[in-house]
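Visitor: Okay, handing you the structure first.
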Amino acid sequence: QVQLVESGGGLVQAGGSLRLSCAASGSIFSFNTMGWYRQSPAKQRELVATLTSRGSTNYADSVKGRFTISRDIAKNTVYLQMNSLKPEDTAVYYCNVEITKRISYWGQGTQVTVSS
């Protein structure tokens, strides 16, 4: 069993930066992807960024050039560095680890609010 705990959310002004962290308890020996998703009111949960076990990254078009996903293997933690934040980035951000197509874990979510 894997538990994911997110941190780093908060309130920031437009143009500011935040770094989200997602710490995984329990060793993850292999996985398909680790990533971040977000959900705002009246919208479906959407992909923000993912990182494969080989280090390939994928970003939503809306965050390309502003957000960076990374991983610290020793700390079993995945990060999302968010720069040049916009009000439309306001959402609850969720960490996800997909072990296989059938086994996937989610964190509890962390709120990010960007004021204009």
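Visitor: Using θ = phi - 60° and the Karplus relation 6.51 cos²θ - 1.76 cosθ + 1.60, list the HN-Hα couplings for region 23-32 in order, rounded to whole Hz, with x at every Gly or Pro.
Guide: Values per residue, Gly and Pro as x: 9, 9, 8, x, 6, 10, 7, 8, 7, 7 Hz.
Visitor: Another question, if that's okay. Using a cut-off of 10 Å between beta-carbons, work out the net charge of the residues near LEU80 (Lys and Arg +1, Asp and Glu -1, LEU80 not included).
Guide: Once positives and negatives cancel, what remains is +1.
Visitor: For region 1-113, report the translational diffusion coefficient in µm²/s to the nearest whole number, using Stokes-Einstein at 4 °C, 1.567 mPa s, and a Kirkwood Rh over Cα pairs.
Guide: Using the Kirkwood radius from Cα pairs, D works out to 92 µm²/s.
Visitor: Could you give the length gained on full extension between LYS75 and ALA14, defined as 0.36 nm per residue of separation minus the Cα-Cα distance, in nm?
Guide: Length gained between LYS75 and ALA14: 18.9 nm.
Visitor: For an R0 of 25 angstrom, estimate the FRET efficiency from the Cβ-Cβ distance between SER53 and ASN83 and round to the nearest 0.05.
Guide: With a Förster radius of 25 Å, E is 0.45.
Visitor: Around ALA24, with a cut-off of 11 angstrom between Cβ atoms, what is the net charge of the other residues, counting Lys and Arg +1 and Asp and Glu -1?
Guide: That sum, taken over residues with Cβ under 11 Å, equals 0.
Visitor: For region 66-116, what relative contact order do you get, as a whole percent, if you take Cα pairs closer than 8 Å and at least 6 residues apart?
Guide: That works out to 31 percent.
Visitor: Just by accessible area at a 1.4 angstrom probe, what is the order of ARG66, ARG19, ARG71 from largest to smallest?
Guide: Largest accessible area first, the list is ARG19, ARG71, ARG66.
Visitor: For the chain, what's the relative contact order in percent, using C-alpha pairs closer than 8 Å and at least 6 residues apart?
Guide: Dividing the mean separation by the residue count of the chain yields 36 percent.
Visitor: Among bridges DSSP assigns within the chain, what percent are antiparallel (round to 5)?
Guide: 90
Visitor: Which whole-number value in Å² is the accessible area per residue of the chain, probe 1.4 Å?
Guide: Counting only protein heavy atoms, the per-residue value for the chain is 56 Å².
Visitor: Net charge near VAL63, counting Lys/Arg +1 and Asp/Glu -1 over other residues with Cβ under 11 Å of its Cβ?
Guide: Residues close to VAL63 contribute a combined charge of 0.
Visitor: OK, next. Ignoring ligands, DNA and RNA, please state the percent of accessible area on the chain from carbon and sulfur, probe 1.4 Å.
Guide: Carbon and sulfur: 47 percent of the exposed surface of the chain.
The values are calculated or read from the model by the stated rules, or taken from the named source; none is laboratory data. Just so it is clear, the structure is predicted and the values come from calculations on it, not from any experiment. Reconstructed Cβ throughout: ideal geometry from the backbone, glycine too, with neighbour counts over all protein chains shown. Calculation scope for accessible area: heavy atoms of the full protein, side chains included, ligands and nucleic acids excluded. Shrake-Rupley method; radii C 1.70, N 1.55, O 1.52, S 1.80 Å.
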